[in-house]
Amino acid sequence: MKNIYKILIAFIGVLAVSCNADAVDNRPIIDAVSAPEITAPATGKVFVFEEEQASDVAAKFTWSAAEYSNTVVVNYTLLIDKKGGDFAKALTLATTTQVTEASILVKNLNQAAIDLGGPTGVASEFDIKITSNVSGGVPQLSKTLITISVTPYAGRVAYDFTDWYLIGGAVAGDWENNADTKHQPMFRDGKDANQYKFVGYFKAGNFKLISVKGSWDSQLGNAGGGAIEIKNNAGEFVIPTNGYYSFEFNTKDLKYTLVSYDASAAKAFGTVGIIGDSTPGGWDASTAMDKSSFDSHAWSLGVTALNDGGLKFRANNNWDVGWGGNTAFSGGGTGDNIPVEKSKYVVYFNDLDGSYLMIPNQ
């Protein structure tokens, strides 16, 4: 009886494999017939952009429908590259499915021109092509291209704030006054631009602050009696012993506090990253930040292109521990999505109190 069951199971297995093989063999073969071609705007179109036009439509790009050997759902990608480029590092202006047109906003075409090396305020030429695919396969790239001229505006988001960086023997970067040195910035309050705070590790020694990395012209230091001063050759703050401290100051009332901070119960994280629809990985994957070698609770991310949308910070590539905020550029302490406007940013984060600082950088 057992042998009969074994034979029956074997027969069913062979039948299943045979059916699967037949299904594969009977799948239609899809061949490329003709590539899509851009029909508008005409080659030679000139664009001169102003910042106040950012949300306007720069142009509607249209193209002919791609043809395949079977009736299929076709995906399109509108690409832009510097003039004469091979499109290996082209940027995507738009993607559509079964739609042969896309309206491109001024700010997006402007940003693409900048990202491809176009200097602001100067006309540069760029090539545009359209490509099609079916479920990611059977790609077709337009045989012809159009060339446009773009004069981009600076593209910087409005950022009317002062950033203060720690410098000295007690902090990361030591006294090296170099724009490329990784000086730790203070975290600015999201709702009070005069209030700054940093909770982190300090070595025994002295420190002060500078507002422009690589320059001694503007300093913030100790004026004595719990007061700060902002001037050249400002006084230094003193850290008596290695350890964690909470340092706060207000540039309006010119007061500061510097007290010991108990970090003994703080969790140590292997990774911290940004995630959200404004980030390179969307909501599917974190973009990893760099952990400071000086302070294991301080994180940073070099110049990174972010899109309009929002983001959060999370630890260890999962949602067990996460942080957010409800104010652009700086803040912390809430679970909201941090609002982001399209630009390039340098990002700083502190996992001790959830403070973040995002400095637009283009």
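In the stretch 280-295, the residues that are free of Cβ contacts under 8 Å to residues at least 60 places away in the same chain reach residues that are among the β-branched types (Val, Ile, Thr) and surrounded by fewer than 16 Cβ atoms within 10 Å (Cβ to Cβ) with C-beta atoms within less than 7 angstrom, at least six apart or across chains, in these pairs: ALA288/THR271. What about ALA65, is it open to solvent by 20 Å² or more (accessible area, probe 1.4 Å) and either acidic (Asp, Glu) or closer than 14 Å to ASN133 by Cβ (or both)? In short, yes.
Consider the stretch 204-226 and keep the residues that are in a loop (DSSP other than H, G, I, E, B), within 18 Å of GLN184 (Cα to Cα) and touching a strand residue (DSSP E or B) at 6+ places or on another chain (Cβ under 8 Å). The one that is most open to solvent (accessible area, probe 1.4 Å) is TRP216. Identify the single condition in (1) part of a loop (DSSP other than H, G, I, E, B); (2) open to solvent by less than 50 Å² (accessible area, probe 1.4 Å); (3) over 28 Å from GLY324 (Cα atoms) that ALA193 does not satisfy, given that it satisfies every other one. Condition (3) is where ALA193 drops out. Filtered by the rule that a residue be open to solvent by 80 Å² or more (accessible area, probe 1.4 Å) and in a loop (DSSP other than H, G, I, E, B), the stretch 227-240 gives LYS231, ASN232, ASN233, PRO240.
The number of residues in the stretch 276-303 that are over 18 Å from SER343 (Cβ atoms), open to solvent by less than 40 Å² (accessible area, probe 1.4 Å) and outside any loop (DSSP other than H, G, I, E, B) comes to 2. Of the strands (runs of 3 or more DSSP E) lying entirely inside the stretch 75-116, those carrying at least 1 residues that are in contact (Cβ under 8 Å) with a residue 40 or more places away in the chain and open to solvent by 70 Å² or more (accessible area, probe 1.4 Å) are 75-82, 101-105.
The values are calculated or read from the model by the stated rules, or taken from the named source; none is laboratory data. The structure presented is a predicted model; accordingly, all values stated were derived computationally and were not measured. Every residue, glycine as well, gets a Cβ built from its backbone with ideal geometry; the counts of neighbours run over all protein chains shown. For the accessible areas, the whole protein counts, side chains as well, though only heavy atoms, and no ligand, DNA or RNA atoms are used. Shrake-Rupley method; radii C 1.70, N 1.55, O 1.52, S 1.80 Å.
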